[in-house]
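Data block below; observations after.
The values are calculated or read from the model by the stated rules, or taken from the named source; none is laboratory data. Fair warning: this is a prediction, and the values are worked out from it, not measured in the lab. A quick note on method: Cβ atoms are made from the backbone with ideal geometry, for glycine too, and the neighbour counts reach across all protein chains shown. In case anyone asks, the SASA skips ligands and DNA or RNA and just uses the protein heavy atoms, side chains included. Shrake-Rupley method; radii C 1.70, N 1.55, O 1.52, S 1.80 Å.
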Amino acid sequence: QGLQLYNVKMYEGTGDYQNSSLRITNYKTGKVEKSHNMGSDSIFGEGITILNGKIYQLTWQSHVVYVYDLNNIDKPARTFQWASDGWGITNDGKRLIVSDGTASLYFVNPDDFRTISSIRVIHDSKPIEELNELEYIDGFIYANVYTKDVILKIDPANGHVVGQLDLSGLPQKYFPNQIIPDRTDVLNGIAYDSTSKHLLITGKRWPKLFEVKMD
């Protein structure tokens with residue numbers, strides 16, 4: 001559900017109630033180096049982001065936000081309440097940016113998780129619903145749309161979509177024999193490698209991580 005590359009380590013937030021976790025992975029080998037299982041019958045993990053030495057992890061419908069010290073993911077250092085569903089989260093270096101499955105994106109104070117402002121995401125004069133996983137790159141918000149094989153490039157000043165990345169057909173092309181019916185799910189992971197300037201893309205229960213060069 002959440003994906004971020006930070007100091008050469010991949011931080012992942014996974015979902016699925018009892019199996020929800022926060023973990024640190026060697027993204028070159030796929031080996032999980034550390035994992036904290038935080039799911040339950042009512043807690044479903046969602047997006048994550050790292051800001052000011054803290055990891056923020058959303059949950060889907062329980063309205064809880066977990067905050068971890070970057071150097072200790074064994075237990076949350078504190079929690080916040082969030083009134084809406086938790087879907088995706090990123091940051092612009094000062095504010096958290098949160099999606100809740102609607103066409104809105106919320107700019108949030110990281111110190112108390114209160115909403116500062118919000119924007120509606122618009123494309124061709126229509127609001128784009130089900131904004132999901134988020135990543136902030138060079139002044140723009142990148143968001144995938146749930147169940148769609150696209151990533152949108154959004155201007156945070158006005159919510160307008162200024163670009164679109166089409167990623168349709170990746171499972172069928174690159175791991176057709178590893179698609180498990182009712183298990184291998186939709187595109188739902190965006191991370192950014194600031195060194196190579198490439199995107200890292202995956203999906204729910206995908207066996208592969210893709211490196212994508214943007215022209």
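Could you work out how much longer the chain between Y17 and F210 gets when fully extended? Use 0.36 nm per residue separation minus the Cα distance between them, nm to one decimal. Please report the intermediate quantities before stating the final value.
On the way: separation 193, 0.36 × 193 = 69.48 nm, distance 2.56 nm.
Residue separation times 0.36 nm, minus the Cα-Cα distance, leaves 66.9 nm.
Positive end of the dipole of the chain (Cβ unit charges, origin at the Cα centre): among F210, T147, Y136, the Cα lying farthest that way belongs to F210.
What does the charge dipole of region 1-119 about its Cα centre add up to, to the nearest 20 debye, if the Cβ of each Lys and Arg holds +1 and the Cβ of each Asp and Glu holds -1? Numbers along the way, then the final one.
Details: 11 positive and 12 negative charges, 85 e Å.
In total the dipole reaches around 400 debye.
The overall shape of the chain is rounded: from the C-alpha gyration tensor, with semi-axes ordered a ≥ b ≥ c, the ratio a/c is less than 1.5.
Using 0.36 nm times the number of residues separating N52 and D166, minus their current alpha carbon distance, what extension gain do you get?
Details: separation 114, 0.36 × 114 = 41.04 nm, distance 3.24 nm.
Contour length minus the Cα-Cα distance gives 37.8 nm.
Helices in the chain, meaning DSSP H runs of at least 4 residues, each add -39500 (n - 2.57). Divided by all residues, the mean residue ellipticity at 222 nm is -500 deg cm²/dmol. Within the shell defined by Cβ-Cβ distances under 13 Å, the residues around E33 carry a net charge of +4, with Lys and Arg each +1 and Asp and Glu each -1. A Cβ-based charge dipole, computed about the Cα centre of region 63-171 with Lys and Arg at +1 and Asp and Glu at -1, lands at about 240 debye. Pop the C-beta distance of V67 and K31 into the FRET formula with R0 = 22 Å and round what comes out to the nearest 0.05. Taking R0 as 22 Å, the efficiency between V67 and K31 is 0.25.
Please calculate how many Å² of accessible area the chain carries per residue, with a 1.4 Å probe and no DNA, RNA or ligand atoms counted.
Details: 10670 Å² over 215 residues.
Computed with neighbouring chains in place, this is 50 Å² per residue.
Here the accessible area of the chain is 45 percent carbon and sulfur, with a 1.4 angstrom probe and all protein chains present. Less than 20 Å from a label point 7 Å out along the Cα-to-Cβ axis of A77: which backbone N atoms in region 10-36 qualify, by residue? Of the residues in region 10-36, 10-13, 22-25, 34-36 have backbone N under 20 Å from the label point off A77. Count Lys and Arg as plus one, Asp and Glu as minus one, and take only other residues whose Cβ is under 15 Å from that of P110; the net charge is then +1.
Between D124 and N177, the simple spin-label model (points 7 angstrom out along Cα→Cβ) gives 3.9 nm.
Please work out how much length the chain gains when fully extended from S196 to S40, using 0.36 nm per residue of separation minus the C-alpha to C-alpha distance, in nm with one decimal.
Values: separation 156, 0.36 × 156 = 56.16 nm, distance 3.73 nm.
52.4 nm is the gain from fully extending S196 to S40.
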